[in-house]
Every structure is written in structure tokens, then in C-alpha cells.
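Below is one structure; the comments refer to it alone.
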Amino acid sequence: MENIKEIQNKILKLKKEKNALILAHYYVPLDVQDIADHVCDSFEMAKRAKEAKEKLIIICGVRFMGESAKILSPDKKILIPAPDAGCPMADMVTVDDVRRLKAEHPKAAVVCYVNSSAAVKAESDICCTSSSALRIAKAIEADEIIFIPDVHLAEYTASKVPDKKFIFHTGFCPTHHRITEADILAAKKAHPDAQFAVHPECRSEVLKHADFIGSTAEIIKFARETKAKEVIIGTEMEIAARLQRELPEKKFFSVTSAFVCPNMKKITLASVLNSLKNEEYEINLDEKEANAARQSLERMVAR
Ligand code: 13P
Ligand code: SF4
């Protein structure tokens, strides 16, 4: 069995030979983050893929992240290391759902969380990520917003944009939705001096206990900059692990030990090496659908 360093070195060598770019999300295992050119939240990942000069990009994340990169860069070869690494929230909204909501609310603009399929993006007016949802909802001209699919991000955004009417969908992230108020109260009891930084995909009963609410990259920035010596991290566990390694003088705690995105954990070093070596698994999209989805993603990255 090869050790971690050996596989990492093989990946770095091959990456150089093939002039490939590796982008990793903060939820993939740390040993994969360590070989990436950039570790990003989903907004930065989409932007970097679009702006990259490299023609071969490995997206170490879930499928919708690879699809977004392909939609924004149709001339590049986009690979994902694990073809079955999906996002259950993205599968919770269908094209028919969007069409029905649009028919029921013809004046509303459709704001689509980037955690969605290309087909759903194609039916939407603009995409957003957790770091841009608020900005986009405020800037949009329409007074009514159909916000799909994440009900928690939608409710949080709606609470900050009270002058607009929000129409919610019922989607959620199983990893964040699982966390309850009892979990955060228990974590706060165990670490009474800690601040609490949380992702807006969590339930409102959890968000109400937060000192900070933001995307993965924003949580990391907050944790670095806060004067607090202890921070409870309200998102996927890899973020607390990354912060603990980077800032040993502070203490980082995950709300619970169940804060895991199983799909992100499918991105292993072995799968990245295979992906680079065999140039699989390539993202290929229906051209018509990708063209239609591009507009809403382009609007997102331009804001
Ligand atoms: P970020 O946009 O904060 O990286 O979140 C992506 C995601 O899938 C959160 O569960
Ligand atoms: Fe999807 Fe949730 Fe995993 Fe994010 S954490 S990729 S929303 S399943």
C-alpha cells in the first residue's frame, strides 16, 4: 500500500505534466485539499473554473460543482473523481417543480441555489451560492422571489430581505438539516466560552444561536479573525479539522460528530489520482440545457 505522501507526489507530478488545475471544496478530506491549487467555497470554485487558463480541470467536490464549471467553461475538459458523488439537496427539486411555481407566481423571479441540476438552472433567472444569496435577493428587481431548493437558506435570506415576498421550496441538505437546537445547546453547554459560526443551510432554530452566519469560506475567515479562543463550527466537520490544523492556538469544535457530508468523502486521493491518470469522469452536458443554464450562472458570478 502506498502511503499518503507517495500518492500526493504522484498527483502533483501528473498535474504538472498534464498542465491540469485542481480545485477542491472545503468539505473534501484534508489530504485531498492539500494537493489542490485552490481550496474554495462553491462561489470561488465556479469563478476560478471560469477564469482558469488550464484546459483540464479536476473538480474535487460533488457533481453540481463539476456541472457548474462545465457550464461556465464549455471549452474545457472538466473531470470529477467520483461519478456518484452527488448532492441530495440538488436532487430534491425538479424542472416540473420550477415550472409549476412559475405558473403559480408569474411575476416572481426564480433564484436558484447553485446546489441544483443543470436542467433546473436552465429554468431559473439567476443562481446564487450561500455567500451571494443575500446580495442577489436584495439587488433583484422583482418584488417576489421563488427561492429553490433550500428552504433554510431561503428562510434566512427572506428574514434579511423583509420588503420582498419569498416563495419557498421544500429542499434541504440532509447533513445540515440533521443538526437541531438541542445539538447546539449541548455544544454551547460543553464549551461555554466558544463563539458559534454556522452555515445558512442549517435550520432557523440553530441559526438563532449564531455569532456568525456565512458560507464555508466566510466561516473560515470569521474563525481566523475573531478574538475568541474557541469556536463551535456549524458546518461539515472537515472545516473544524482544517481550522484546528491551521490555528493550533485556538480550539475548534464541530457541533456534533455526525456533521459529515458522505458524498464529499467519496473524493479520496486514490480517486483523484485515477481521475488525472485516466481523465475520468468527464462532465458532459446536453448542449441546449447548458446554454440555457449558462445565463443564470453568468449572472451569479458577475454580481
Ligand atoms: P458553500 O457555498 O458555502 O461552499 O457551500 C456549499 C455546500 O454544499 C454547503 O453544504
Ligand atoms: Fe450537498 Fe449538503 Fe453535501 Fe453540501 S453538505 S454538498 S448541500 S449534501
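The values are calculated or read from the model by the stated rules, or taken from the named source; none is laboratory data. Note that the coordinates shown come from a computational prediction; the quantities given were computed from them, not determined experimentally. Glycine gets a Cβ as well: all are built from the backbone with ideal geometry, and neighbour counts include every protein chain shown.
From the list D31, D37, D41, pick out the single residue that is under 21 Å from E279 (Cβ atoms) and out of contact with any Gly (no Cβ under 6 Å at 6 or more places or on another chain).
Details: D31 fails: under 21 Å from E279 (Cβ atoms); D41 fails: under 21 Å from E279 (Cβ atoms).
Sole residue among the options that is under 21 Å from E279 (Cβ atoms) and out of contact with any Gly (no Cβ under 6 Å at 6 or more places or on another chain): D37.
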Test T175 against the criterion of being out of contact with any His (no Cβ under 9 Å at 6 or more places or on another chain) and within 11 Å of ligand 1 (Cβ to nearest atom), and give yes or no. yes
Next on the checklist: Among the residues in segment 269-284, are any in contact with an Asp or Glu (Cβ under 9 Å, 6 or more places away or on another chain) and either assigned to a strand (DSSP E or B) or outside the structural domain of L72 (by TED's automatic domain parsing) (or both)?
Outcome noted: no
Residue pairs within 9 Å by beta carbon, gap of at least six or interchain, first lying in segment 78-100 and touching a residue at least 24 places away in the same chain (Cβ under 8 Å), second in a strand (DSSP E or B) and among the charged types (D, E, K, R), listed first then second, are I78/E282; L79/E282; I80/E282; M89/D150; M92/D150
Restricting segment 168-203 to residues that are among the hydrophobic types (A, V, I, L, M, F, W, C) and surrounded by fewer than 19 Cβ atoms within 10 Å (Cβ to Cβ), the one nearest to A133 (Cα to Cα) turns out to be F168
